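The values are calculated or read from the model by the stated rules, or taken from the named source; none is laboratory data. Being a predicted model, the structure only gives us computed values, none of them experimental. Cβ atoms come from the backbone with ideal geometry, glycine included; neighbour counts cover every protein chain shown. Surface accessibility is based on the protein's heavy atoms, side chains included, excluding ligands, DNA and RNA. Shrake-Rupley method; radii C 1.70, N 1.55, O 1.52, S 1.80 Å.
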Amino acid sequence: MQLTLIQNQPRLGAVESNLEAARSIIEHIDFDLLLLPELFATGYFFSDETQARQLSEPVPSGPTTQFLIDQAKAKGAYICGGLAERDGAQLYNTAILVGPEGLMGRYRKLHLFYEEKHWFAPGDRPPKVYQLGNARVGMMICFDWRYPEVARILTLQGAQIILHPANLVQPYCQDAMVTRCLENGVFAATANRIGTDMRADSTSLAFTGRSQVVNPWGEILDRAPDAEPAIVTVDIDPARADEKYVTEHNHLMHDRRPEHYGLICGTK
Ligand code: ACM
């Protein structure tokens, strides 16, 4: 499977030109599965709830969703990317998965970062796994990396590839994802952005690039630079993530002892 990531530099609030920039890249690349960053068409660092609401869209009728569906149809392939979802009065930081037949699924970010809490509601559904041809994929978004439960619950549902749209601002995630892959025996693709979102009041947030794909043995198959737009393309065999024996006596999943992990599943 050809897995491709776009590391972009959206302009805050400029949805049309950000989508146009994505279109001009997608036109010229081949992939079976394409991953775009979190909030790839809106930018990230909204000023307030009003701006977040203006830039949000219903799924699947909104412009970013329709754009991705059009691209997936044109390419006969699958695409995952992030957007601000509006559902009634609520806004969610959402990743969608689309294919040639249209919308396949959505994941609403469970663990909100920083001022996102001022406008987004935390995800209200458990992460799910989707079958794409012969591959099984799950989604998590950016700061979810700090919560190993997300990658684990996807793995326990059979995910072979974790799709991880991101807008990373702290320096630790790319290396931490190596551990997520090792502890779960899965592939993980992190599509991050670069550049800085600047608000009218001059407060800003800078993003760290280094989009990457890591294999189930914690090897970084490819990693983009930290400050340039990039396209990362790797060829992977998703079935390699089904090999959970790490020695002939140790199966990553069968050796778990959930009867001793009760506290992790507690509500407090
Ligand atoms: C983040 O969750 N966008 C840092």
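Details
- Scaled radius of gyration (Cα, divided by 2.2 N^0.38 Å) that region 1-136 gives: 1.00
- Overall form of region 114-268 per C-alpha gyration tensor (a/c, 1.5; a/b vs b/c): oblate
- Computed over region 46-95, the ratio Rg/Rh where both radii use C-alpha atoms and Rh is Kirkwood: 1.04
- Once the Kirkwood radius over Cα pairs is known for region 108-158, the Stokes-Einstein relation at 37 °C and 0.692 mPa s delivers a diffusion coefficient of 278 µm²/s.
- Percent accessible area from carbon and sulfur atoms, the chain, protein chains only, probe 1.4 Å: 50
- Amide H contacts for Asp87 (H built 1.01 Å from N in the peptide plane; partners 5 or more residues away or on another chain; cut-off under 5 Å): Tyr92.
- Kirkwood-type radius of region 1-81, with distances r between different C-alpha atoms, in Å: 13.1
- Of the Cα atoms belonging to the chain, the radius of gyration and Dmax stand at 17.7, 59 Å.
- Of the residues Thr190, Thr208, ranked by 1.4 Å probe accessible area with the largest first, the sequence reads Thr208, Thr190.
- Overall form of region 186-268 per C-alpha gyration tensor (a/c, 1.5; a/b vs b/c): oblate
- Heavy atoms of the protein chains alone define the surface here; on that basis the chain has 44 Å² accessible area per residue at 1.4 Å probe size.
- Annotated for the chain: lysine pairs at least 8 residues apart or interchain, Cα distance under 24 Å, count 8.
- Fraction in percent of alpha-carbon pairs per bin - 10 Å, region 90-193: 15, 50, 30, 4
- Between region 58-104 and region 196-268, the Cα center-to-center distance that results, in Å: 22
- At q = 0.22, 0.24, 0.25 Å⁻¹ the log10 of I(q)/I(0) for region 63-133 amounts to -0.94, -1.04, -1.08, computed by Debye summation with a single uniform scatterer per C-alpha, solvent ignored.
- Highest average packing first - 112-121, 33-42, 63-72, Cβ atoms within 10 Å: 33-42, 63-72, 112-121
- Note on region 24-69: Cα convex hull, mean projected area over all directions, 4.0 nm².
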